[in-house]
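These notes are about the structure you will find just below.
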Amino acid sequence: MYNFLPIAYFQDKFVPFAEATISIATHALHYGTGAFGGMRGIPNPENPSQILLFRLDRHSQRLSQSAKFLHYNLPATKIQETIIEFVKKNRPTSSFYIRPFVYTSDLGIAPRLHNIDKNFAVYGIELGDYLSPAGVSCRISSWQRQEDASFPLRGKICGAYITSSLAKTEAAESGFDEAILMNSQGKVSEASGMNIFVVRNGQIITPGFDHDILEGITRDSVVTIAKNFGIPVIERAVDKSELLIADEVFLSGTAAKVVPVNRIENYYLPENRPISEKIREKLVAITENRDSEYQDWVFPIDI
Ligand SMILES: Cc1ncc(COP(=O)(O)O)c(C=O)c1O
């Protein structure tokens, strides 16, 4: 069960979460014509009257771009201002996750994006660990990641998550924690809601933007942190067989942060994971504002 933050943003105003409800005839519910974001925040461990949001600007920008695919003009500044207000109204007391989203809000049928109202809403939940930081097992999914030719992969579009859901459930029902999806070229793309990294011989390798990945904001953070540590990062096609013999594999995402993979199919990965650990520790320190080098990634909000 989730603990929802008490106040939601819905139909242009802040209301109690329980009152932010929609009709069963809502267009987006039927056609997947929505887009969403997801960002994490924590109370500042040094100052409980301050909330720290991680990379608010990038998350707002990505949702604004996703909204464009829905023919909805929602400036990143509007998203950012609404989220700041949302945090002030909710005054969270523990680690939380904010879910801002846009959707075709008219009632009725016919898939389209023109001549239809859209809406912007925000809610939040308290959220600790999404996946075990001790490591997860992964199945190579029988479901493929979508291609940009049939789906706007630069957006975080609701409809795409049928594939993630199929893959995650397939993995869970066969005894794994998570799924790794290949793309239509048979190369590694990403997990059900996370980007993927492989470590081999002291180098980090990750599928590039030309491998049908979501442009993950945690991925971007990991790449920057690794490069600043002097660890080479190579963005290129990754084969399935490379995963199986890797020194380390880890997943990155807002909800999951950085999570090591301990097993892929019937291949067990080494338990010693110096690079994954180093990056995870750094990322956690940054989100908790304990690292002056990356202070521009952390948005303090006085509540
Ligand atoms: C399909 C997919 N890939 C990757 C990611 C990781 O993106 P981010 O680091 O921006 O959360 C997510 C999570 O939002 C996702 O849903």
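Just a few scattered comments:
- Cross-link partners of K13 among lysines (Cα-Cα below 18 Å; sequence separation of 8 or more within a chain): K78, K88, K89, K118
- Ranked order, S184, S60, S142 - accessible area, probe 1.4 Å, largest first: S142, S184, S60
- When peptides 123-133, 106-116, 25-35 are ranked by their average number of other Cβ atoms within 10 Å per residue, the highest-first order is 25-35, 123-133, 106-116.
- Close amide-amide hydrogen proximity is noted between V249 and V199, V261, each under 5 Å apart and 5 or more residues distant or on a separate chain (H modeled in the peptide plane; Pro and chain starts excluded).
- By DSSP, the beta bridges lying fully in region 136-287 are antiparallel in about 65 percent of cases.
- Region 7-126: proportion of alpha-carbon pairs further apart than 25 angstrom, %: 24 percent
- Apportionment of accessible area to carbon and sulfur, the chain, percent (1.4 Å): 50 percent
- With a cut-off of 13 Å between beta carbons, the residues surrounding N119 carry a summed charge of 0, where Lys and Arg count +1 and Asp and Glu -1.
- Using a probe of 1.4 Å on the protein chains alone, the accessible area found for E288 is around 60 Å².
- Surface exposure of the chain, expressed per residue as accessible area with a 1.4 Å probe, stands at 46 Å².
- Values of log10 I(q)/I(0), in the order q = 0.10, 0.16 Å⁻¹, for the chain under a Debye, Cα-only, solvent-free model: -0.56, -1.39
- Dimensions (Å) - region 129-186, Cα atoms, principal axes, largest first: 36, 24, 16
- Amide hydrogen neighbours beyond the local backbone of I180, cut-off 5 Å, H modeled: R139, I140, S141
- Net charge of Cβ neighbours under 12 Å - reference S241; Lys, Arg +1; Asp, Glu -1: 0
- ³J(HN,Hα), Karplus 6.51/-1.76/1.60, whole Hz, each residue of region 4-12, x for Gly, Pro: 7, 5, x, 10, 10, 9, 8, 6, 6
- Using 0.36 nm per residue and subtracting the Cα-Cα separation, the extra length available between N115 and S165 on full extension is 15.0 nm.
- Rg/Rg_ref, region 136-287, where Rg_ref = 2.2 N^0.38 Å and atoms are Cα: 0.96
- Ranking by accessible area, most exposed first, for M182, M1, M39 with a 1.4 Å probe: M1, M182, M39
- Gained length - N266 relative to K78, 0.36 nm times residue gap less alpha-carbon distance: 62.9 nm
- For region 104-115, 3J(HN,Hα) per residue [Karplus equation, 6.51 cos²θ - 1.76 cosθ + 1.60, θ = phi - 60°, Hz, x = Gly/Pro]: 6, 9, 5, 9, x, 10, 5, x, 5, 10, 9, 6
- Which listed pairs, of K227/K278; K187/K240; K257/K278; K168/K282, have C-alpha distances above 18 Å, in listed order: K168/K282
- Label-to-label distance, nm, for residues given as A149 and R200 (7 Å Cα→Cβ offset): 2.7 nm
- Length gained on full extension, E293 to E19: 94.5 nm, using 0.36 nm per residue less the C-alpha separation.
- Under a 5 Å amide H cut-off, with hydrogens placed 1.01 Å from N, L5 pairs with G124, I125, E126 among residues at least 5 apart or on other chains.
- When shorter helices are ignored and each DSSP H run of at least 4 residues is given -39500 (n - 2.57), the per-residue value for the chain at 222 nm works out to -8000 deg cm²/dmol.
- With the convex hull constructed from alpha-carbon coordinates only, region 42-201 shows a mean projected area of 13.0 nm² over all directions.
- Inter-centroid distance (Cα atoms) of region 237-255 relative to region 94-116, Å: 33 Å
- Residue-by-residue Karplus 3J(HN,Hα) for region 77-93, coefficients 6.51, -1.76, 1.60, Hz, glycine and proline x: 5, 5, 5, 4, 4, 5, 5, 4, 4, 4, 5, 5, 6, 8, 6, x, 10
- The listed residues K13, K257, K278 rank as K13, K278, K257 when sorted by accessible area, largest first, using a 1.4 Å probe.
- Hypothetical label at F229: residues of region 271-293 whose amide nitrogen lies under 11 Å (7 Å Cα-Cβ projection): 273-284
The values are calculated or read from the model by the stated rules, or taken from the named source; none is laboratory data. No experiment lies behind these values; they were computed from the predicted model shown. So basically every Cβ, Gly included, is an ideal-geometry build from the backbone, and we count neighbours across all protein chains shown. Please note that ligands, DNA and RNA were not included when accessible areas were found on the heavy atoms of the full protein model with its side chains. Shrake-Rupley method; radii C 1.70, N 1.55, O 1.52, S 1.80 Å.
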